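The values are calculated or read from the model by the stated rules, or taken from the named source; none is laboratory data. Just so it is clear, the structure is predicted and the values come from calculations on it, not from any experiment. Heads up, the Cβs are rebuilt from the backbone with ideal geometry, glycines too, and the neighbour counts pull from every protein chain shown. Side chains are part of the model used for accessible areas, which takes the heavy atoms of the whole protein and leaves out ligands, DNA and RNA. Shrake-Rupley method; radii C 1.70, N 1.55, O 1.52, S 1.80 Å.
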Amino acid sequence: MLEWTARGGTCDDGNACTTGDSCGAGACVPGVPTVCADDGLGCTAEACDPLTGLCGSSVTDGCVIEGACVATGTLDPATPCRACDPSKNTRDFTNLE
């Protein structure tokens, strides 16, 4: 929901990932977007949650296990009956069926 001030030209566009929203041409114009720090992993994407304003990362390719990218189908070196299967879990090996 948009919130407007009575005077002064500021508003809230309802997106917690922007700051300094302002009025322009009768509408609330989004301000400066939050830039989330890159976690350095090529298999993740960092983004700001527009509801909370908090940054987080999501796995976009394979799995992230113990802080490293792991390709889909890679077997767990400790337990070869487990593998990276992002359809089941992107943050740990899962049991092969």
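Would you mind stating whether ALA25 is of a type outside the set (Val, Ile, Thr) and at positive phi? When the stated conditions are applied, ALA25 passes them. A single entry from CYS81, CYS23, CYS28, CYS17 fulfils the requirement of being modelled with pLDDT of 95 or more, open to solvent by less than 70 Å² (accessible area, probe 1.4 Å) and in contact with a strand residue (DSSP E or B) (Cβ under 8 Å, 6 or more places away or on another chain): CYS17. In the range 58-78, how many are within 19 Å of the chain's Cα centre (by Cα), surrounded by fewer than 16 Cβ atoms within 10 Å (Cβ to Cβ) and among the small types (Gly, Ala, Ser)? Looking only at that region, the number is 3. Scanning the range 26-81 for residues that are over 14 Å from GLY14 (Cα atoms), in contact with a Pro (Cβ under 8 Å, 6 or more places away or on another chain) and hydrophobic (A, V, I, L, M, F, W, C) yields a count of 2. Of all the residues in the range 40-57, those that are open to solvent by 60 Å² or more (accessible area, probe 1.4 Å) and either modelled with pLDDT under 95 or over 11 Å from the mean Cα position of the chain (by Cα) (or both) number 4.
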